[in-house]
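Heads up, the thing below is written out as structure tokens.
The values are calculated or read from the model by the stated rules, or taken from the named source; none is laboratory data. Note that the structure is a prediction, hence the values are computed from the model and not measured. Here Cβ is always computed from backbone atoms with ideal geometry, including for glycine, and neighbour counts include all displayed protein chains. In case anyone asks, the SASA skips ligands and DNA or RNA and just uses the protein heavy atoms, side chains included. Shrake-Rupley method; radii C 1.70, N 1.55, O 1.52, S 1.80 Å.
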Amino acid sequence: MGLGALCYYGLGLSNQPGALENSIMWPQYIKQRIQDTYFYFGGSIAVTAASAAAVFRTPMLMNLVMKNSWLAIGATLAAMIGSGMIVRSMPYSEKLGAKHFAWMVHSGVMGAVVAPLCLLGGPILLRAAWLTAGVVSGLSAVAVCAPSEKFLTMGGPLAIGLGVVFASSIGSLFLPPTTALGAGLYSISLYGGLILFSFFLLYDTQRIIHSAETYPLYAVKPYDPINASISIYLDTLNIFIMIATILAGGGSRRK
């Protein structure tokens, strides 16, 4: 009901038109940019799911991604950040090329990282997937119906929130959840992270629309739907991880 009310507000009661209303006047190239962005977003989800399933069924790889040593954690972070930076730095071309391969490698690396979630079992993951789909669809609808650029002003607060959640996640590694401080930090990193990435999804959705509308048609570098899709892909992946953790009981730890 709340999401419906927000969408109705954006469509009929606000003083500024939303993306859904503006889309009536969009030329075909803007529509194509957004369609391509969400095509790569869906492709990233598919590659990630396939990679996670493959790693889960390979004991050697599963043992590798489940190591808790600082060396393994550092290598995992380096692989995630490094592959993402490589994808973003490469020029985009509509023809299948090196950027597409790097994009699939990055999605595969992320799939390997989330493969341990498969230990939670199919029913929990399926439920988490449906809940994630509902959250992402609802928030995307709000972002599309809300006045254009309404959420683009949240960049600064979101960056601060990300720092708080990241610091809480690091702190929870050193403080056991049996302590009051450790339980508090864990709750901030889990529930705060879920709220934070939900707002990031609102922000990134409107940023994608704004970029598709304003990027020059005849620029030297063509519009890059792969880079545009990575932000909402990472938002969705983080939301899924946190919902799955909560459903598995990770959010109900008590001191």
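Listing for the model above:
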| read-out | value |
| --- | --- |
| Rounded, prolate or oblate (a/c below 1.5 giving rounded, otherwise prolate when a/b exceeds b/c) for the stretch 39-89 by Cα gyration tensor | oblate |
| Pairwise FRET efficiency - E94 versus I246, Cβ, R0 = 35 Å, nearest 0.05 | 0.30 |
| Per residue accessible area of the stretch 63-143, 1.4 Å probe, in Å² | 59 |
| In Å², nearest 10: area of I86 left accessible to a 1.4 Å probe | 90 |
| Karplus-derived HN-Hα couplings along the stretch 155-167 (A = 6.51, B = -1.76, C = 1.60, θ = phi - 60°), whole Hz, x at Gly and Pro | x, x, x, 5, 5, 5, x, 4, x, 5, 5, 5, 5 |
| Positive-end extreme of charge dipole, the stretch 24-173 - chosen from G121, V144, T58 (charges on Cβ) | T58 |
